[in-house]
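Enquirer: Got a structure for you, written out below as structure tokens; questions coming shortly.
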Amino acid sequence: MSPGSSISVSLKINGRDHEFSAPACDTLLDVLRDKLGMTGTKKGCDMGACGACTVLADGRRIKSCLALAASYDGRSITTIEGIGTLNNLHPLQAAFIRHDALQCGYCTPGQILSGLALLDEKPADLEAIREGMSGNLCRCGAHPNIVAAIAEVAGL
Amino acid sequence: MSGPSFRYSRVANAHDALIQASRPGTAFLAGGTDLLQLWKAGAIAPAAVVDISRLPLDHVEFVDGRLSLGALARLSDVASHLDVTRYHPLIARAILASASGQIRNMATVGGNLLQRTRCAYFRKEGLACNKRTPGCGCGALAGENRQAALFGASASCVATHPSDLAVALTALDAEVEVFGAEGQRRFPLRDLYRLPAETPERDTHLAAGELVTGINIPNATRFAARSTYLKIRDRASFEFAVVSVAAVLHIENGRIVEAGLAAGGVAPLPWRLTRSEAVLVGRAPDARAIAAAGDMAIEHARPLDHNGFKITLLRNAVIRALQTIGGQP
């Protein structure tokens, strides 16, 4: 394989199979957004710090900007497009609205995906939610409301 | 933001990994959390990436008091493993103090131990760094060196090692398993790393293409009740250590029989505090013994312009860590 050549990748995204070829050095984030047109997953820092690109891989939250798409060949990916619908929001999405857990909304898809994975980890208290969400930054400063929304769904 | 393109191949066994990696300019990909950052930042430019993430090296096993961690075990899986939380809480604590939930789901044990320094001069293309571009000078030496090493540095490099897990494993006398052209070998983790001297571009004693396959902690469960990882950082979460201390004690009849102490954020490798350990053995864990261990920890510290505060911080962190575990029943 010569540098820059494409390789074939198959991913199950939100339950649907996708097969495509992409440059070997493309990240999962770039493939989702630019190749597959699924722009719900956001690019913030592109260096693993901000969490805007958070998706689930086989149910576990990861940063798609630090994931080579090729390395996730055959894996099952969940993005914000697979969570709730306009008429039937996921309970965490509804809680975000009730708690005013966003302002500009850019970080929200990553916050929701990260929050969903954290709920699976069963955080014990508010401190565990704050700590567990430290990989998702909100430049608008909605962190207290994000924690409150997740806490409500967690039953805390 | 991305670096120059590279060839990609995925290998199914360690032999294939070795063959692929024997070509110059090849990098191993495991969790990718450090490799992709380095590549995007221009700190590395591999011609080929060999994906080892599917090698069968992700075990976490506890048998007869011996903990074995596969090099490809995810940090989150190690930290939540019941035998780790029960018999090696220090390891779980150090991991949970590292990075974020997402990164811990991706990052592997081997990758964590081999992650490169967070020194801004290394990570930022265009700044002087002998580790990135040998011979071009160390910008941190007379520049922004608040994070720089107090021990083990050289005129060529003052960067620190960023791993929390490596500090905990050093205090526990872990050994590392590697696989290379010469076959399998096993040695103390502290011998994996090398001081920068005149060749800071090499972080470890691994031969080219040699693969870390796992970590063993032969017998350290006696420390389970008295162990702690104290990490001092600029914010409460998702940040590298300014100073960290891993401390374990084994106390019998009110006397310290064994002590394991290592510090992070202060040296180019996890820094074993052997003199502090020695001063504790045979004594009760009282205020005088603990203060003596704190004093010993900072002997021979060599600060630069902006990191002198870390000397007091290290002394006090050692004291606080020992206070935390010295008084437990």
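Enquirer: Just checking the output field for B:224-237: average partner chain Cβ neighbours within 10 Å of each residue's Cβ? Before the final figure, lay out the partial values.
Expert: Details: counts 0, 0, 0, 0, 0, 0, 0, 0, 0, 0, 0, 1, 4, 6.
For peptide B:224-237, the averaged partner shielding equals 1.
Enquirer: Here is a further query. Across all directions of projection, what mean area in square nanometres is found for the Cα convex hull of chain B? Numbers along the way, then the final one.
Expert: Details: hull surface 64.6 nm².
Orientation-averaged projected area of the Cα hull: 16.2 nm².
Enquirer: When you count, for each residue, the other Cβ atoms within 10 Å and take the mean per peptide, how do B:194-202, B:109-117 rank with the highest first? If you can, show how the numbers build up before the last one.
Expert: Values: B:194-202: 16.2, B:109-117: 24.4.
Packing proxy ranking, top to bottom: B:109-117, B:194-202.
Enquirer: Here is a further query. If the only charges are +1 at each Lys and Arg Cβ and -1 at each Asp and Glu Cβ, what is the size of the charge dipole of segment A:1-154 around the Cα centre, to the nearest 20 debye?
Expert: Values: 14 positive and 16 negative charges, 35 e Å.
Dipole of segment A:1-154, to the nearest 20 debye: 160 debye.
Enquirer: For segment B:225-326, what is the Kirkwood hydrodynamic radius in Å, using each pair of distinct C-alpha atoms?
Expert: Values: mean 1/r = 0.0734 Å⁻¹.
Hydrodynamic radius (Kirkwood, Cα pairs) of segment B:225-326 is 13.6 Å.
Enquirer: Next question, about the same structure. Treating only the Cβ atoms of Lys and Arg (+1) and Asp and Glu (-1) as charged, compute the dipole magnitude of the protein assembly as shown about its Cα centre; round to the nearest 20 debye.
Expert: Details: 50 positive and 45 negative charges, 141 e Å.
In total the dipole reaches around 680 debye.
Enquirer: While we're on this one: Would you compute, from DSSP H runs of 4+ residues alone, the mean residue ellipticity of chain B at 222 nm, taking -39500 (n - 2.57) per run and dividing by the full residue count, rounded to the nearest 500? Please list the in-between numbers first.
Expert: Working: 12 runs with 94 residues, N = 329.
My calculation for chain B gives -7500 deg cm²/dmol from helical runs alone.
Enquirer: Ok, one more. Computed on alpha carbon atoms, what radius of gyration and Dmax characterise segment A:91-154, expressed in Å?
Expert: 10.1, 29
Enquirer: What is chain B's relative contact order, in percent, from Cα pairs under 8 angstrom and six or more apart in sequence?
Expert: On the way: 740 pairs, mean separation 54.0, N = 329.
Reported relative contact order: 16 percent.
Enquirer: What does the structure give for B:47-54 when I average, per residue, the other chain Cβ atoms found within 10 Å of the residue Cβ? Before the final figure, lay out the partial values.
Expert: Values: counts 1, 3, 5, 0, 5, 1, 3, 3.
Per residue, the average neighbour count from other chains is 3.
Enquirer: I'd like to know which of A:Val147, A:Ser76, A:Leu102 lies farthest towards the positive end of the charge dipole of chain A, counting +1 on Cβ of Lys and Arg and -1 on Cβ of Asp and Glu.
Expert: A:Leu102
Enquirer: How big is Rg to Rh over the protein assembly as shown, alpha-carbon atoms, Rh as the Kirkwood inverse-mean-distance radius?
Expert: On the way: Rg = 22.7 Å, Rh = 23.4 Å.
Taking Rg over the Kirkwood Rh, I get 0.97.
Enquirer: To the nearest 500 deg cm²/dmol, what mean residue ellipticity at 222 nm is calculated for chain A from DSSP H runs of n ≥ 4 alone, each contributing -39,500 (n - 2.57), summed and divided by the residues?
Expert: -7500 deg cm²/dmol
Enquirer: In the neighborhood of B:Arg235, defined by Cβ-to-Cβ distances under 12 Å, what is the net charge if each Lys or Arg adds +1 and each Asp or Glu adds -1?
Expert: On the way: positive: A:Arg130, B:Lys231, B:Arg233; negative: A:Glu131, B:Asp234, B:Glu239.
Residues near B:Arg235 contribute 0 overall.
Enquirer: Over all directions, what mean area does the Cα convex hull of segment A:1-86 project, stated in square nanometres? If you can, show how the numbers build up before the last one.
Expert: Details: hull surface 22.4 nm².
Mean shadow area of the hull around the Cα atoms is 5.6 nm².
Enquirer: Give me D for segment B:165-257 in µm² s⁻¹, whole number, from Stokes-Einstein with Rh from the Kirkwood sum over alpha-carbon pairs, 20 °C and 1.002 mPa s.
Expert: Values: Rh = 15.6 Å.
Reported coefficient: 137 µm²/s.
Enquirer: Can you put A:Ser76, A:Ser10 in order, fewest other beta carbons within 10 Å first?
Expert: Numbers: A:Ser76 15, A:Ser10 12.
By the 10 Å Cβ count, ascending, the order reads A:Ser10, A:Ser76.
Enquirer: Provide the descending list of Cα extents for segment B:61-174 along its principal axes, expressed in whole angstroms.
Expert: 49, 27, 22
Enquirer: What's the percent breakdown of Cα-Cα distances in segment A:1-145 across 5 Å bins, shortest bin first?
Expert: Spelled out bin by bin, segment A:1-145 gives 2, 10, 19, 23, 19, 13, 8, 4, 2, 1, 0 percent.
Enquirer: Related question: What list of ³J(HN,Hα) values in whole Hz, one per residue of segment B:133-139 in order, does the Karplus curve 6.51 cos²θ - 1.76 cosθ + 1.60 (θ = phi - 60°) give from phi, with Gly and Pro shown as x?
Expert: Going residue by residue, I get 10, x, x, 8, x, 10, x Hz, with x marking Gly and Pro.
Enquirer: Starting from the 7 Å offset along Cα-to-Cβ, what nm value, one decimal, do you get for the label separation of B:Arg302 and A:Asn88?
Expert: Placing both labels 7 Å beyond Cα along the Cβ direction yields 6.7 nm.
Enquirer: Sorted by average packing, counted as other Cβ atoms within 10 angstrom per residue and highest first, what order do B:75-85, B:27-37 take?
Expert: Working: B:75-85: 19.3, B:27-37: 23.5.
Answer by packing, highest mean first, reads B:27-37, B:75-85.
Enquirer: Using the Cα centre of segment A:91-154 as the reference point, and only Cβ charges (+1 on K/R, -1 on D/E), how large is the resulting charge dipole? Debye, rounded to the nearest 20.
Expert: Working: 4 positive and 7 negative charges, 44 e Å.
Computed charge dipole of segment A:91-154: roughly 220 debye.
Enquirer: Quick check: the distance between the Cα centres of segment B:234-269 and segment B:195-212, to the nearest angstrom?
Expert: Spelled out, the Cα-based centre of one part sits 25 Å from the other.
Enquirer: List the residues whose amide H sits under 5 Å from the amide H of B:Arg10, counting only those 5 or more places along or on another chain, with H placed 1.01 Å from N in the peptide plane.
Expert: B:Asp51
Enquirer: Still on this structure, please answer the following. Cα convex hull of segment B:243-282: mean projected area in nm², to one decimal?
Expert: 2.7
Enquirer: Would you mind giving the mean number of other chain beta-carbons within 10 Å of the Cβ of each residue in B:25-36, as a whole number?
Expert: On the way: counts 0, 0, 0, 0, 3, 1, 4, 10, 5, 2, 2, 11.
Shielding by partners across B:25-36 averages 3.
Enquirer: Consider just the alpha-carbon atoms of segment B:7-53 and return their Rg together with their Dmax, both in angstrom.
Expert: 10.3, 30
Enquirer: Starting at 0 and stepping by 5 Å, how many percent of the alpha carbon pairs of segment B:268-329 end up in each bin?
Expert: Taking every Cα pair in segment B:268-329, the percentages come to 4, 18, 28, 24, 14, 8, 4, 1, 0.
Any read-out appearing in this document is the output of simple, stated calculations on the displayed coordinates, not a laboratory observation. Given the structure is predicted, the values throughout are model-derived calculations rather than measurements. Every residue, glycine as well, gets a Cβ built from its backbone with ideal geometry; the counts of neighbours run over all protein chains shown.
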